[in-house]
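Right, one structure below, let's go through it.
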Amino acid sequence: MGVGTYEDVKQLKYDSKLLQAMEFFAKTKISAIPIVDDDLKVVDIYARFDVITLASRGKYNDMDMTIRDCLQLRSSQKVEVLTCRATDSLIDVIKSIYSARYTDWWW
């Protein structure tokens, strides 16, 4: 498809500090950072909108918080991580997003 980033993909682990995520957001145009486990499998995401949650709860000054702690401040709704392969067609990717009911986020 030729869409996406294939080199120097930013990633964090649950025990990474909030400061590192904020630096990624400040230095790049990315809107979300994959959170990976020890096997580099994507297990969650930390997105710019998560910073709003921190601000609304008065936690934005604590840059030593771990990403795990930050994500626990989210609402109880679980965010599903969707993935695609280089072999997936664009229409299949769009169908996956639509079927996961993320349409409210995009439109």
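The values are calculated or read from the model by the stated rules, or taken from the named source; none is laboratory data. Note that the coordinates shown come from a computational prediction; the quantities given were computed from them, not determined experimentally. Because the Cβ atoms are built from the backbone with ideal geometry, glycine has one as well, and the counts that use them run over all protein chains shown. The accessibility values were calculated without ligands, DNA or RNA, using every heavy atom of the protein model including side chains. Shrake-Rupley method; radii C 1.70, N 1.55, O 1.52, S 1.80 Å.
Going by the conditions given, is residue 52 out of contact with any Cys (no Cβ under 7 Å at 6 or more places or on another chain), open to solvent by less than 90 Å² (accessible area, probe 1.4 Å) and not small (Gly, Ala, Ser)?
In short, no.
For the range 72-95, enumerate the residues that are small (Gly, Ala, Ser) and modelled with pLDDT under 80.
Listed by number, the residues that qualify are 75, 76.
If we keep just the residues of the range 51-71 that are among the charged types (D, E, K, R) and part of a loop (DSSP other than H, G, I, E, B), which is modelled with the highest pLDDT?
This residue is 64.
Of the conditions (1) modelled with pLDDT of 85 or more; (2) closer than 23 Å to residue 84 by Cβ, residue 15 fails just one. Which one is it?
(2)
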